[in-house]
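Peer 1: One structure follows; several queries about it will come next.
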Amino acid sequence: QVVADMREKRYAQEGIGSSYLFRVDHDTIIDATKCGNLARFINHCCTPNCYAKVITIEAQKKIVIYSKQPIGVNEEITYDYKFPIEDTKIPCLCRTESCRGTLN
């Protein structure tokens, strides 16, 4: 977590508007900010059509995105980021009927 916090601060200082950090477990956070596949751009939604799950394959943890329902051509893929509750709120822009209003 210490390294992830330092990277977020450095990215802000470098003018990088968004960071793409995914918590795998208590000790591991994957940083796809500067290098990663297109899955890093999957947006949050309070009523998502997918969910993320961490699985282990040959002793390596992998992030897998599973569909919760059929997804149409050109339909956006979304999942709930499940950010921890914090005092400083991050506004949610999903605009769904059951939007919580914040990501955390």
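Peer 1: For segment 25-62, enumerate the residues that are among the acidic types (Asp, Glu), in a loop (DSSP other than H, G, I, E, B) and on the phi < 0 side of the Ramachandran plot.
Peer 2: Of everything in segment 25-62, those that are among the acidic types (Asp, Glu), in a loop (DSSP other than H, G, I, E, B) and on the phi < 0 side of the Ramachandran plot turn out to be 25, 27.
Peer 1: Right, next: Given the criteria open to solvent by 70 Å² or more (accessible area, probe 1.4 Å), touching a residue at least 12 places away in the same chain (Cβ under 8 Å) and over 23 Å from residue 98 (Cα atoms), does residue 61 qualify?
Peer 2: yes
Peer 1: Do the conditions hold for residue 51, that is, is it under 21 Å from residue 24 (Cα atoms) and open to solvent by 50 Å² or more (accessible area, probe 1.4 Å)?
Peer 2: So residue 51 passes the test.
Peer 1: Could you check how many residues of segment 35-47 are over 12 Å from the mean Cα position of the chain (by Cα), surrounded by 12 or more Cβ atoms within 10 Å (Cβ to Cβ) and either outside the structural domain of residue 67 (by the TED database) or free of Cβ contacts under 8 Å to residues at least 40 places away in the same chain (or both)?
Peer 2: Number satisfying all stated conditions: 1.
Peer 1: Here is a follow-up. Please state which of the following conditions residue 19 fails to meet, knowing it meets all the rest: (1) in a loop (DSSP other than H, G, I, E, B); (2) at pLDDT below 95; (3) more than 11 Å from the chain's Cα centre (by Cα).
Peer 2: Checking residue 19 against (1) in a loop (DSSP other than H, G, I, E, B); (2) at pLDDT below 95; (3) more than 11 Å from the chain's Cα centre (by Cα), the one that fails is (3).
Peer 1: Being open to solvent by less than 50 Å² (accessible area, probe 1.4 Å), modelled with pLDDT under 95 and among the aliphatic types (A, V, I, L, M), is that true of even one residue in segment 78-87?
Peer 2: No, segment 78-87 contains no residue that is open to solvent by less than 50 Å² (accessible area, probe 1.4 Å), modelled with pLDDT under 95 and among the aliphatic types (A, V, I, L, M).
Peer 1: Assess whether residue 25 counts as being surrounded by fewer than 14 Cβ atoms within 10 Å (Cβ to Cβ) and closer than 20 Å to residue 1 by Cβ.
Peer 2: Yes, satisfied.
Peer 1: For segment 62-79, does any single residue satisfy the condition of being in contact with a helix residue (DSSP H, G or I) (Cβ under 9 Å, 6 or more places away or on another chain) and under 22 Å from residue 7 (Cβ atoms)?
Peer 2: Yes, because at least one residue in segment 62-79 is in contact with a helix residue (DSSP H, G or I) (Cβ under 9 Å, 6 or more places away or on another chain) and under 22 Å from residue 7 (Cβ atoms).
The values are calculated or read from the model by the stated rules, or taken from the named source; none is laboratory data. Please read all numbers here as calculations on a predicted model, not as lab measurements. With ideal geometry, Cβ positions are generated from the backbone for all residues, glycine too; neighbour counts draw on all protein chains shown. Accessible surface is based on the protein model in full, side chains and every heavy atom, while ligands, DNA and RNA are left aside. Shrake-Rupley method; radii C 1.70, N 1.55, O 1.52, S 1.80 Å.
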